[in-house]
1. Please find, among 132, 136, 145, the residue that is assigned by TED's automatic domain parsing to the domain that holds residue 84, part of a helix (DSSP H, G or I), modelled with pLDDT of 80 or more and under 30 Å from residue 397 (Cα atoms).
2. Could you list, in sequence order, all residues of region 86-100 that are touching a strand residue (DSSP E or B) at 6+ places or on another chain (Cβ under 9 Å) and buried (at least 18 other Cβ atoms within 10 Å of the Cβ)?
3. If we only count helices (runs of 4 or more DSSP H) wholly inside region 155-237, which ones have 2 or more residues that are surrounded by fewer than 16 Cβ atoms within 10 Å (Cβ to Cβ)?
4. Is it the case that some residue within region 247-262 is within 27 Å of residue 60 (Cβ to Cβ) and either surrounded by fewer than 17 Cβ atoms within 10 Å (Cβ to Cβ) or touching a strand residue (DSSP E or B) at 6+ places or on another chain (Cβ under 7 Å) (or both)?
5. Residues of region 98-137 being closer than 28 Å to residue 411 by Cα and without any contact (Cβ under 8 Å) to a residue 24 or more places away in the chain, which ones?
6. Condition check: over 30 Å from residue 393 (Cβ atoms) and assigned to a helix (DSSP H, G or I). Does residue 247 satisfy that?
7. Here is a list of conditions, (1) modelled with pLDDT under 90; (2) farther than 28 Å from residue 99 by Cβ, and residue 326 meets all of them except one; can you say which number that is?
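The values are calculated or read from the model by the stated rules, or taken from the named source; none is laboratory data. Worth saying up front: this structure is predicted, and the values here are computed from it rather than measured. FYI the Cβ positions are ideal-geometry reconstructions off the backbone, even for glycines, and counts take in every protein chain you see.
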């Protein structure tokens, strides 16, 4: 290796002019942000900006000025870096086989082959490698979020009973919001500045100078700012209690706030109201999967986990999941059926099992995980939405309450993670510096 390096250096030294010319022609990918031990590159930001601009191709007048949009998109990328780093530190890994399965699923959903997918990406200025990286991050973040939900989110029977009682009123509310965020431990000056900003936004809305969705895109610090702050349709049990009572008495188009909350100052708009009976039929998610169960014996959890890791590696190498389930699974009810569980509601086998299956793509096999029954690996086969029967209503309500709690806690978690991270934004530097090649390695001597 040292001899090869020496030869390369000798060749480079022999052709300084050629080396300088090559460097002048080779573009450099600049750093636009340092995020702990990672970086966001100019090419990543440009690609993400391009995606946003293409989504708003027919309504770019709703977008904020370029420099504001850049900062919004960069903040999203910073959060992705932090989330994927936290996933790795939590032991969440996404295998190449799982990424392959997800890409195949994307191609199938678009009724094209992988080669056609690659050609389509190329027309959009992306590569399969870019998409693989994005899919890997998405799966990791999804699993981190699932793990977070399992450890921090719970819904009591009393909450479900109260929500079912509220549903008797029958109304649903289409909401949108604008958030002016505050960091943890905000100073009086930061609070005052945020309050001035939210009051200025409200004044523009009151004067009719801008509509709510455009104001959200331009000013909101919420992750859904570029979607116009849209929160979708919600029943009262899915709305934070601090807002629910006021919203129930508002008229469509009215704006509530500013209100100071845990995340900052908010404006909330009631976009529309409808009777629940006029809404689309409520549905529940059903999953289809097969599993292999191994119970911990005298050797403890480590042996059971190791056995399942071996089986998972064999499946990744081409072994048939069903055949291995018949041979190794200790679930007597499903082993003879190749571990097949059929279609089931997400919590049918407990919240931990359901969360693991929900986090997978169709065809993916989970890492070994433990429930009260023992250690499992599970292969997701499908997911579908079915009309919620009366006996499913409690589960549907439980899921909606859990989702609302998860959104609140996850947003708080992201703010804490962002506040604790070392982030050095270098947009000004990259704007000032020309996006060209590096300078020659050696300056020309005087008189050359």
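1. On the way: 132 fails: under 30 Å from residue 397 (Cα atoms); 136 fails: under 30 Å from residue 397 (Cα atoms).
The unique qualifying residue is 145.
2. 98
3. Numbers: elements: 157-167, 188-206, 212-219.
In region 155-237, 157-167, 188-206 are the helices (runs of 4 or more DSSP H) which contain 2 or more residues that are surrounded by fewer than 16 Cβ atoms within 10 Å (Cβ to Cβ).
4. Start the filter on region 247-262 by keeping residues that are within 27 Å of residue 60 (Cβ to Cβ), which leaves 253, 255.
Filter again for either surrounded by fewer than 17 Cβ atoms within 10 Å (Cβ to Cβ) or touching a strand residue (DSSP E or B) at 6+ places or on another chain (Cβ under 7 Å) (or both), leaving 253, 255.
Within region 247-262 (the criterion being within 27 Å of residue 60 (Cβ to Cβ) and either surrounded by fewer than 17 Cβ atoms within 10 Å (Cβ to Cβ) or touching a strand residue (DSSP E or B) at 6+ places or on another chain (Cβ under 7 Å) (or both)), the answer is yes, since at least one residue qualifies.
5. 133, 134
6. Details: over 30 Å from residue 393 (Cβ atoms): no; assigned to a helix (DSSP H, G or I): yes.
Considered against the rule, which asks whether it is over 30 Å from residue 393 (Cβ atoms) and assigned to a helix (DSSP H, G or I), residue 247 comes out as no.
7. Every condition holds for residue 326 apart from (1).
Conditions tested, residue by residue: (1) modelled with pLDDT under 90; (2) in contact with a strand residue (DSSP E or B) (Cβ under 7 Å, 6 or more places away or on another chain); (3) under 24 Å from residue 211 (Cβ atoms).
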{"site": "23", "(1), (2), (3)": "yes, yes, no"}
{"site": "28", "(1), (2), (3)": "yes, yes, no"}
{"site": "34", "(1), (2), (3)": "no, yes, no"}
{"site": "40", "(1), (2), (3)": "no, yes, no"}
{"site": "56", "(1), (2), (3)": "yes, no, yes"}
{"site": "64", "(1), (2), (3)": "yes, no, yes"}
{"site": "68", "(1), (2), (3)": "yes, no, yes"}
{"site": "77", "(1), (2), (3)": "no, yes, no"}
